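The values are calculated or read from the model by the stated rules, or taken from the named source; none is laboratory data. It should be emphasised that the depicted structure is a prediction, and the values quoted were computed from it without experimental measurement. Counting neighbours? That spans all protein chains shown, and the Cβs are built from the backbone with ideal geometry, glycine included.
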Amino acid sequence: MHLDWFDHKNPDYPRVFAQRTKTYREIRAKPELLPALRAHYKDNPADFISDWGCTFDPRNIALGLPPIVPFILFPRQRELVNWILARWRACEPGVSPKSRESGASWVAIALSCTLCLFNEGVAIGWGSRKEEYVDKLGAPKSLFWKARKFVELLPPEFRGNFDPKNDAPYMRIMFRDTESIMTGEAGDNIGRGDRASIYFVDEAAYLERPETVDAALSQTTTCRIDISTANGLGNPFHRKVVEWPEERVFRFHWRDDPRKDEVWYQKQLVDLDPVTIAQEIDIDFASSVAGVLIPSAWVQAAIDAHVVLDFKPTGSRYGALDVADEGKDLNAYCGAHGVVLEALEEWSGKGDDIFGTVIKVFGFCEEHGYDGFTYDGDGLGAGVRGDARVINEERAKRNARTISVQMFRGSAGVDEPSSEDVRGRKNEDYFLNLKAQKWWSLRTRFQKTFRAVTEGVKASPDELISIPLGLKHRAKLVAELSQPTFKTNTVGKIVINKAPDGTKSPNLADAVMIRMSGVNRPMIISQEAMRRAGVPPRGMRRG
């Protein structure tokens, strides 16, 4: 069914039911269509959920809506379905950090039922820390109550011989037509000794003994899917989110939900405490960590700030590179036009060298029309200068424009030591090094942006920062920006810890910090170096 007209914010459910009724009558009039339709739904379960699925929410009554409504997947929910299927077909696990009330649990339950309805011999497990969350008869909050309701509300042609009284006992739902089954468990030993096609762990970040659960599930399935809101740093759920390859991580943020907007978010800010907002709405793993440098609320206020505050980006168009240190660390690139971020990229340097990384960044600068980039000159990044010089000399031979390359050394001394970035404290007395100073400067940008957006405090756009809603890797960047913490050392200077216990280096956020650092010392290719490369003096070159 085509539902391109459907508006999730202003849903016309009667029209959906009318369209379903019309389609259902056509199917009953031409039952020969059913085999082809079932074959389509087997390969495209998201279509089946949107075409025939329903959800139940008693809160709808207060809004003037029926409690039973069509389950029309919005784009990010469809992506979640396809992401789970991709993990299943690749026989690999996945982890999905989510905002509360995103509908992720309903989506996973509906997909579980759909897979069991259209596939022979599928076994899907569900586990959580308490039994009542998995199954409690008559309780709409339990997962298996949702599953029973989803199947019961399907047309007979699709639910087959399913009998809720006999086929859906406590902690089990059986699909006799396909010999598939859903089972539920709770506690430390979920999945132990069992076998499952897919095993979902709901609210995985809140397991009391997650390592014990990991051991119990280790041989149960090749596709374990953890779904949860955030619950602090360093636990197994958080480690999976920050350490696993990006394709195994599915971030489901409230901004991906077309039913929610800034008005909704501002109401949450009024109704809920800051920790709950950060943890369950903004997916902020560091919400309960002391000394967070850039609070999640400040970062959220910066999303599309140039749109909200109605200013256009001005200033330099420039990039920044954070070079991967070692192992699983990733290279990260950030590009911006003035204070508005435009590009985020990250990639593994495994199997490559610094020269290859620099060539890639030169390509980004060409692609985005940037004058150049700043790079992290500490550690492995020290080699960027020489590689960039070689590349620029080769470009000069071809009469191609040179790319300006600047070095940022976080370990260096502070800029303008006698000035006061923080009133009443000289920079040399307040910051341990340049890294601490520039991270603090980034904090100040987000703080001013937050005040401008939420309190109407006037500020020059040049002092702010904006993260476009559609920016690639936006959700990951938002999480990384609130990861670093700060404290004062024994002599009273600010020290930044980018990677608190249980976390990894925030590469994208580092690239943003470097880009916004204001460091402006371009690497100049000397005339002598150009002479050695055989490049004629500027006045003698064409163009």
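Exactly one condition in (1) within 27 Å of the chain's Cα centre (by Cα); (2) surrounded by fewer than 15 Cβ atoms within 10 Å (Cβ to Cβ) is not met by Trp5; state its number.
Trp5 satisfies every listed condition except (1).
Tally the residues that are more than 33 Å from the chain's Cα centre (by Cα), without any contact (Cβ under 8 Å) to a residue 60 or more places away in the chain and surrounded by 15 or more Cβ atoms within 10 Å (Cβ to Cβ), restricting the search to segment 396-413.
0
Any residue that is of a type in the set (A, V, I, L, M, F, W, C) and surrounded by fewer than 17 Cβ atoms within 10 Å (Cβ to Cβ) - is there at least one of those in segment 455-466?
Looking for residues that are of a type in the set (A, V, I, L, M, F, W, C) and surrounded by fewer than 17 Cβ atoms within 10 Å (Cβ to Cβ), one finds at least one in segment 455-466, hence yes.
Does Arg195 count as exposed (fewer than 13 other Cβ atoms within 10 Å of the Cβ), closer than 13 Å to Gly125 by Cβ, assigned by TED's automatic domain parsing to the domain that holds Gly121 and touching a residue at least 12 places away in the same chain (Cβ under 8 Å)?
Here the answer is yes, as Arg195 does meet what is asked.
Can you tell me which residues in segment 233-260 are closer than 15 Å to Ala475 by Cβ, hydrophobic (A, V, I, L, M, F, W, C) and either buried (at least 20 other Cβ atoms within 10 Å of the Cβ) or out of contact with any strand residue (DSSP E or B) (no Cβ under 9 Å at 6 or more places or on another chain) (or both)?
Val241, Val242, Phe250, Phe252, Trp254 - these are the residues of segment 233-260 that are closer than 15 Å to Ala475 by Cβ, hydrophobic (A, V, I, L, M, F, W, C) and either buried (at least 20 other Cβ atoms within 10 Å of the Cβ) or out of contact with any strand residue (DSSP E or B) (no Cβ under 9 Å at 6 or more places or on another chain) (or both).
Which numbered condition in (1) within 22 Å of Gly518 (Cβ to Cβ); (2) in contact with a Lys or Arg (Cβ under 6 Å, 6 or more places away or on another chain) is the only one that Cys365 fails?
(2)
One line per residue, one yes/no per condition, for (1) out of contact with any Leu (no Cβ under 8 Å at 6 or more places or on another chain); (2) among the β-branched types (Val, Ile, Thr); (3) in a helix (DSSP H, G or I):
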site	(1), (2), (3)
Leu341	no, no, no
Phe355	yes, no, yes
Thr374	no, yes, no
Arg385	yes, no, yes
Thr402	yes, yes, no
Met407	yes, no, no
Gly410	no, no, no
Ser418	yes, no, no
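Out of Ala511, Ala499, I need the residue that is in a helix (DSSP H, G or I) and not polar (S, T, N, Q). Which one?
Ala511
Say we look at segment 109-137 and pick out the residues that are of a type in the set (Gly, Ala, Ser) and within 20 Å of Val213 (Cα to Cα); which of these is surrounded by the fewest Cβ atoms within 10 Å (Cβ to Cβ)?
Ala123
Please go through (1) assigned to a helix (DSSP H, G or I); (2) crowded, with 19+ Cβ neighbours inside 10 Å; (3) charged (D, E, K, R) for Glu366 and return the number of the only condition it doesn't satisfy.
Among (1) assigned to a helix (DSSP H, G or I); (2) crowded, with 19+ Cβ neighbours inside 10 Å; (3) charged (D, E, K, R), the lone unmet condition for Glu366 is (2).
Looking only at segment 25-48, count how many residues are under 38 Å from the mean Cα position of the chain (by Cα) and farther than 20 Å from Trp106 by Cβ. Even if it seems obvious, please write down each step before you answer.
If we filter segment 25-48 for residues that are under 38 Å from the mean Cα position of the chain (by Cα), which is where we start, we get 36-48.
Okay, now just the ones that are also farther than 20 Å from Trp106 by Cβ, so 36-40, 42-43.
Residues meeting the conditions: 7.
Just one of Ala46, Ala90 is at pLDDT 95 or above, surrounded by 12 or more Cβ atoms within 10 Å (Cβ to Cβ) and over 30 Å from Trp264 (Cα atoms); which is it?
Being at pLDDT 95 or above, surrounded by 12 or more Cβ atoms within 10 Å (Cβ to Cβ) and over 30 Å from Trp264 (Cα atoms) holds for just one of Ala46, Ala90, which is Ala90.
If the requirement is being in contact (Cβ under 8 Å) with a residue 40 or more places away in the chain and either surrounded by fewer than 19 Cβ atoms within 10 Å (Cβ to Cβ) or assigned by TED's automatic domain parsing to the domain that holds Arg159 (or both), which of these qualifies: Ile68, Ile61?
Ile68
For segment 124-131, indicate whether the set of residues that are over 25 Å from the mean Cα position of the chain (by Cα) and in a strand (DSSP E or B) is non-empty.
Yes, segment 124-131 has at least one match.
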